[in-house]
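Below: one structure, written as structure tokens.
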Amino acid sequence: MRALMIPLAIAISAVACGAQGSRDTADGDVVRSASATNSAMTPGTALDTAIFAGGCFWCMEPPFDKLAGVISTTSGYTSGRTPNPTYEQVSSGGTGHTEGIQVVFDPAKVSYNRLLTVFWRNIDPFARNRQFCDRGDQYRSGIYPRNAAQQAAADASLRAVDARFDEPIATEIVPASRFYAAEEYHQDYYTKNPVRYKYYRFSCGRDARLKSIWGDEAGG
């Protein structure tokens with residue numbers, strides 16, 4: 001019995017989406033993620049970058065890592081005021097940042113519109129300043145366009161989602177600002193700590209809520 005309780009206690013200790021430290025990347029820098037090299041790169045390939053926020057960043061890397069054409073995903077902090085924030089600062093709610101992910105992709109293999117569809121199917125678009133079990137504006141959902149084309153696509157995607165539901169959409173669309181990569185501990189968390197990740201995701205009710213909103217289209 002004691003042997004069974006030890007891993008359970010470890011898993012319970014990881015229910016919150018969190019840890020500490022931070023490294024800075026300028027907006028648009030390509031930051032490679034060990035879990036997201038699923039697309040062979042051709043010399044001279046013109047890559048693009050997308051930034052999204054959908055609550056705990058641990059849960060937002062996997063759905064994009066699965067896509068052919070995605071080169072890397074990086075968990076981090078965006079749309080805030082404090083330079084080079086740490087997890088502790090962001091989780092206090094005083095920096096204005098939200099937990100986000102930076103997706104580097106090959107637009108010849110996967111479109112920004114496809115990324116937008118994956119984004120929406122992996123969030124609760126009605127939740128304001130929270131996502132699932134995580135509360136606070138650091139968990140707000142958002143799309144952060146880097147240029148006019150991304151802005152137009154993001155706006156169109158929001159209109160389509162809004163037309164589908166009666167409940168108002170809380171997801172923000174704000175021009176991209178500096179993206180700060182999170183501590184190494186957070187990167188590829190779902191591959192580094194699969195048991196803790198699965199426990200957190202289940203205990204947070206993420207998949208159940210996504211299913212209730214999106215049905216068979218729900219991400220995961």
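The values are calculated or read from the model by the stated rules, or taken from the named source; none is laboratory data. In this text the structure is predicted, and so the values were computed from the model without any measurement. Heads up, the Cβs are rebuilt from the backbone with ideal geometry, glycines too, and the neighbour counts pull from every protein chain shown.
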When the residues of region 83-100 are narrowed to those that are in contact with a strand residue (DSSP E or B) (Cβ under 6 Å, 6 or more places away or on another chain) and among the hydroxyl-bearing types (Ser, Thr, Tyr), which ends up surrounded by the fewest Cβ atoms within 10 Å (Cβ to Cβ)? 86
Show the residue pairs that are 6+ apart or on different chains and have beta-carbon atoms under 7 Å apart, the first residue being within region 101-117 and among the charged types (D, E, K, R) and surrounded by fewer than 18 Cβ atoms within 10 Å (Cβ to Cβ), the second being in a loop (DSSP other than H, G, I, E, B) and at pLDDT below 95. 109/39
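Scan region 65-101 residue by residue and report those that are among the small types (Gly, Ala, Ser), touching a Phe, Trp or Tyr at 6+ places or on another chain (Cβ under 9 Å) and not in a strand (DSSP E or B).
Selection gives 69, 79, 80.
Would it be correct to say that residue 144 is of a type outside the set (Gly, Ala, Ser), out of contact with any strand residue (DSSP E or B) (no Cβ under 6 Å at 6 or more places or on another chain) and buried (at least 18 other Cβ atoms within 10 Å of the Cβ)? Quick ask: steps written out before the conclusion?
Numbers: of a type outside the set (Gly, Ala, Ser): yes; out of contact with any strand residue (DSSP E or B) (no Cβ under 6 Å at 6 or more places or on another chain): no; buried (at least 18 other Cβ atoms within 10 Å of the Cβ): yes.
Criteria not met by residue 144.
Just checking, which of 110, 118, 103 is over 16 Å from the mean Cα position of the chain (by Cα), within 24 Å of residue 210 (Cα to Cα) and modelled with pLDDT of 95 or more? So that I can check it myself, show each step before the final result.
Values: 118 fails: over 16 Å from the mean Cα position of the chain (by Cα); 103 fails: over 16 Å from the mean Cα position of the chain (by Cα).
110 is the lone residue from the list that is over 16 Å from the mean Cα position of the chain (by Cα), within 24 Å of residue 210 (Cα to Cα) and modelled with pLDDT of 95 or more.
Residue by residue through region 170-209, note down the ones that are in a helix (DSSP H, G or I) and touching a Gly at 6+ places or on another chain (Cβ under 6 Å). Before the answer, list the steps.
Going through region 170-209, the residues in a helix (DSSP H, G or I) turn out to be 184-186, 189-192, 194-203, 206-209.
207 - this is the single residue of region 170-209 that is in a helix (DSSP H, G or I) and touching a Gly at 6+ places or on another chain (Cβ under 6 Å).
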Regarding region 5-15, can at least one residue be identified that is crowded, with 20+ Cβ neighbours inside 10 Å and either under 18 Å from the mean Cα position of the chain (by Cα) or modelled with pLDDT under 65 (or both)? no
Can you tell me which residue among 163, 182 is among the small types (Gly, Ala, Ser), surrounded by 18 or more Cβ atoms within 10 Å (Cβ to Cβ), over 22 Å from residue 110 (Cβ atoms) and at pLDDT 95 or above? 182
